[in-house]
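Participant: I'd like to ask you about the structure that follows.
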């Protein structure tokens with residue numbers, strides 16, 4: 001479970017991140033957090049890392065989870081405070097930095113432990129088609145809705161990234177078959 005974050009901290013932003021994390025896939029949360037950290041955008045990175053850790057509690061005991069928590073903790077201690085409950089990365093954002101700011105830790109996060117680029121493209125395509133098929137199914141009241149007919153892109157993307165190409169192709173074909181036979185107007 002994600003550790004506490006202070007009262008007037010990026011935690012408020014992190015709570016929001018947990019909510020906006022619903023529209024991102026796990027791979028997107030991870031990659032956006034890593035890219036933001038590499039670019040020096042501590043607060044943005046923390047938001048993505050926090051949302052990733054909330055959605056993937058099992059990762060916290062692994063190396064990348066520990067590194068993400070380290071980034072969140074460092075950011076909490078060293079970001080500017082512009083107004084109560086608001087944090088920023090730069091002096092230009094109206095905030096006041098702590099007097100003695102230690103160097104930002106180096107995080108040796110792997111590129112993406114979740115989905116490689118070819119898989120990302122395959123699963124993006126799969127998820128878009130799955131959502132479109134589900135919308136047709138639900139719009140035409142074709143039957144009971146279950147996970148096959150979920151309209152959440154992230155759920156389909158995450159399922160696809162956990163299975164092989166053959167299984168995702170078979171699922172797309174199965175949904176299409178149902179639409180053509182049981183759901184035809």
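Quick note: the coordinates plus some simple rules give every number you see, no bench work behind them. Bear in mind that the values here come from a model prediction, so they are computed numbers and not experimental data. As a convention, Cβ positions derive from the backbone with ideal geometry for all residues, glycine included, and neighbour counts pool all protein chains shown.
Participant: By per-residue mean of other Cβ atoms within 10 Å, what is the highest-first order of 67-75, 133-141?
Facilitator: Packing order, densest peptide first, comes out as 67-75, 133-141.
Participant: If you don't mind, another one. Using Cβ counts within 10 Å as a stand-in for footprinting exposure, how do 43, 163, 59 rank, fewest first?
Facilitator: With the fewest neighbours first, 43, 163, 59 line up as 163, 59, 43.
Participant: Could you put 125, 161, 23 in order, starting from the residue whose Cβ has the fewest other Cβ atoms within 10 Å? Intermediate results must be reported in sequence, preceding the final value.
Facilitator: Details: 125 14, 161 21, 23 11.
Arranged by neighbour count, lowest to highest, 125, 161, 23 become 23, 125, 161.
Participant: Another question, then. If you stretched the chain out fully between residue 23 and residue 77, how much longer would it get, using 0.36 nm times the residue separation minus the C-alpha to C-alpha distance?
Facilitator: Numbers: separation 54, 0.36 × 54 = 19.44 nm, distance 2.81 nm.
Length difference between fully extended and current span is 16.6 nm.
Participant: Using 1/(1 + (r/R0)^6) with R0 = 22 angstrom and r between the beta carbons of residue 177 and residue 125, what's the FRET efficiency to the nearest 0.05? Intermediate values should be presented prior to the final figure.
Facilitator: Values: r = 19 Å, r/R0 = 0.84.
Efficiency for this residue pair is about 0.75.
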